[in-house]
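Before any comments, here is the structure.
The values are calculated or read from the model by the stated rules, or taken from the named source; none is laboratory data. Everything quoted here is computed from the prediction, not taken from an experiment. Note that each Cβ is placed from the backbone with ideal geometry, even for glycine, and that neighbours are counted across all protein chains shown. What goes into the accessible areas is simple: the full protein's heavy atoms, side chains included, and nothing from ligands, DNA or RNA. Shrake-Rupley method; radii C 1.70, N 1.55, O 1.52, S 1.80 Å.
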Amino acid sequence: MTSSEKKLFFLGAAAGVAAAALAAGVLAVRAGKVFASQPPSVSEPMQSAPARQAMQEQQGTHPGTTVELTPAEMTAAGVQVAEVRTAVLKTNIDAFGRVEQPESQLAAVSAWIGGRVDKLYVQYTGERVRRGQRVAELYSPEVATALEEYRLAQEHRGRITQSDDAFARTQADSLVDASRRKLELWGITAEQINAAAAGEPGSAGVPHVTLYANAEGTVVERKVTQGQYVNSGETLLTLADLSEIWLKVDVYEDQLPQIHPGQDVDISTEALPNRTLHGHVQFIEPTTNPQTRTVPVHVHLPNPGMRLLPGMFVSATFVSRAAGPAVVVPRSAVLDTGTRKIVYVSKADGVFEAREVKVGAPTEDVFPVLSGLKAGDKVVLNGNFMIDSQAQLSSGMTGLYGGSKEFATDQQEQSANSAPGALKIEMHAQGELKGGEENAFRAALTDVSGKPIADAQVTVTLVMPAMPSMNMPEMRNSFALTWSSGQQVYAGRGNVPMSGSWNVTVEARKNGSVIAQARTRLSAR
């Protein structure tokens, strides 16, 4: 196709769309055959909003339309048919999430008393810590004072041991016990306490306090450094038991009705390649992220080999199985027109019927059918888009690539005549049509008595439906025929963009109104 021809082809597409839309209103489809009727001689008034809405609802293929194809046409269109079956549906919802610290398995290692950290035994975040393991050594003036108080209490008890005052002896014993108990609660060992009682206040190891881990886990936060002063109760380390981890998976709002506690979840992550973990929904958070419109869903599961770490990303698949079998149809069989969903049901002898269906939420490859089909029906899986496109353009199937059963006459000279008593228009090509070239066309426009009508504007529109399997869009071209007084017909030349089967609409207008219209099909070599 030359550059100028392409420009003419695409410029004519707009006019062709309008002509095809008007033609759909004046054609009726009966058993796959096309009938043309005379349109009104005056322009129709502007439609009201309800009328326009009703017209929009009627657009697309009408349920019940039948299409009949020869075996050759079905092969050319790549038509594939499959039987409707029943199955227990399994709906999968894919989402992304992240590994979180298990909030219920966090433990804090705190200072029992204020002081200076003279020795820190845990150096790294991520280090594993055992229960009872030494964590730090603290120097505390309070401990030094308490040790001195204990030593003095011991000396005082020794002085009044021989006293006759029983109450004084009891009080001395109570003071020693209270001082020792205070030191023990701070974590001072018996060896340190005895050393303080036997020697000077600065005895070796005194007055340092050793802090021990009160839980087992991984250090996820270290809040202290060696030499730092800390207060009583201040957290030094945070430990997390990562033998079981939490996942927070973000699910969109419209997916929530299909998520419930206890539901099976399959987890995959790059940290464990070629391996799928299995968990269950534990909790659905009651808040929504206002930016992403997602809701976090908790999944708890064991951490194999401690390979999953907080902050890692994971892929999650929520699995939902139906309670019983349902009628299902492959997703490729369903055509969505915007107002209804259509499938083409295979009948006998190459006949296909457009049928409206109601379907539920799709799974990966099928739709559950709520109405319109039953198990055992045969539907078109591949080629249905081609069939539907052609049916809409022709208000009934007139064939895709060659002579269909309704059009068995010479493809180079056909006409769709108007109903009895109306104007009549006939069009045919002169000679063999050649794709990619200018071809000659003639059209005769006559009244009821057969008298030629010379003062009309006659337009021819050629349409070839889109062929997605061949990566080819719809092709369309329009051109005008002018009155030839010598031949008493309308004649002219028009470009046929390429070889193949073309749907042809011939339209005659007078005073801005359509007075006659016909459709046919021509095949170019």
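At a glance:
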quantity: Residue, surrounded by the most Cβ atoms within 10 Å (Cβ to Cβ), within segment 234-279, restricted to residues that are among the polar types (S, T, N, Q), in a loop (DSSP other than H, G, I, E, B) and at negative phi; calculated: 269
quantity: Within segment 128-183, tally of residues that are open to solvent by 80 Å² or more (accessible area, probe 1.4 Å), within 26 Å of residue 211 (Cβ to Cβ), touching a helix residue (DSSP H, G or I) at 6+ places or on another chain (Cβ under 9 Å) and at pLDDT below 85; calculated: 2
quantity: Selection count where residues are farther than 23 Å from residue 105 by Cα and polar (S, T, N, Q), scope segment 269-286; calculated: 2
quantity: Residue identified as among the basic types (Lys, Arg) and either out of contact with any Ser or Thr (no Cβ under 7 Å at 6 or more places or on another chain) or closer than 30 Å to residue 227 by Cβ (or both) among 169, 157; calculated: 157
quantity: Flag for residue 441 being under 23 Å from residue 68 (Cα atoms), modelled with pLDDT of 70 or more and not basic (Lys, Arg); calculated: no
quantity: Residue within segment 477-493 that is of a type outside the set (Asp, Glu), open to solvent by less than 20 Å² (accessible area, probe 1.4 Å) and in contact with a Pro (Cβ under 7 Å, 6 or more places away or on another chain) present; calculated: yes
quantity: Residue 311 vs. criteria assigned to a loop (DSSP other than H, G, I, E, B) and touching a residue at least 12 places away in the same chain (Cβ under 8 Å); calculated: yes
quantity: Search result, residues across segment 196-216 that are in a loop (DSSP other than H, G, I, E, B), open to solvent by 20 Å² or more (accessible area, probe 1.4 Å) and either within 22 Å of residue 102 (Cα to Cα) or modelled with pLDDT of 85 or more (or both); calculated: 214, 216
quantity: Subset tally (residues that are open to solvent by 70 Å² or more (accessible area, probe 1.4 Å) and in contact (Cβ under 8 Å) with a residue 24 or more places away in the chain) for segment 314-323; calculated: 1
quantity: Selection status of residue 496, under 12 Å from residue 441 (Cβ atoms), β-branched (Val, Ile, Thr) and in contact with a Phe, Trp or Tyr (Cβ under 8 Å, 6 or more places away or on another chain); calculated: yes
quantity: Failed condition for residue 449, given (1) open to solvent by 30 Å² or more (accessible area, probe 1.4 Å); (2) closer than 30 Å to residue 76 by Cα; (3) small (Gly, Ala, Ser); calculated: (2)
quantity: Residue that is farthest from the chain's Cα centre (by Cα), among those in segment 69-107 that are open to solvent by 70 Å² or more (accessible area, probe 1.4 Å), polar (S, T, N, Q) and within 28 Å of residue 328 (Cβ to Cβ); calculated: 75
quantity: Which listed residue is under 15 Å from residue 136 (Cβ atoms), touching an Asp or Glu at 6+ places or on another chain (Cβ under 7 Å) and not in a loop (DSSP other than H, G, I, E, B), from 219, 295; calculated: 219
quantity: Residue count for segment 495-516, restricted to those that are assigned to a strand (DSSP E or B) and either touching a Gly at 6+ places or on another chain (Cβ under 9 Å) or closer than 30 Å to residue 74 by Cβ (or both); calculated: 9
quantity: Spans of strands (runs of 3 or more DSSP E) in segment 324-394 with at least 1 residues open to solvent by less than 40 Å² (accessible area, probe 1.4 Å) and either closer than 25 Å to residue 520 by Cα or of a type in the set (S, T, N, Q) (or both); calculated: 341-346, 351-359
quantity: Given (1) modelled with pLDDT under 80; (2) hydroxyl-bearing (Ser, Thr, Tyr); (3) closer than 22 Å to residue 342 by Cβ, index of the condition residue 43 fails; calculated: (3)
quantity: Cross-chain or 6+ apart pairs with Cβ under 7 Å, segment 147-158 first and farther than 11 Å from residue 173 by Cα, then at pLDDT below 80 and open to solvent by 50 Å² or more (accessible area, probe 1.4 Å); calculated: 147/201; 148/201
quantity: Index of the failed condition, residue 237 passing every other in (1) over 25 Å from the mean Cα position of the chain (by Cα); (2) free of Cβ contacts under 8 Å to residues at least 40 places away in the same chain; calculated: (2)
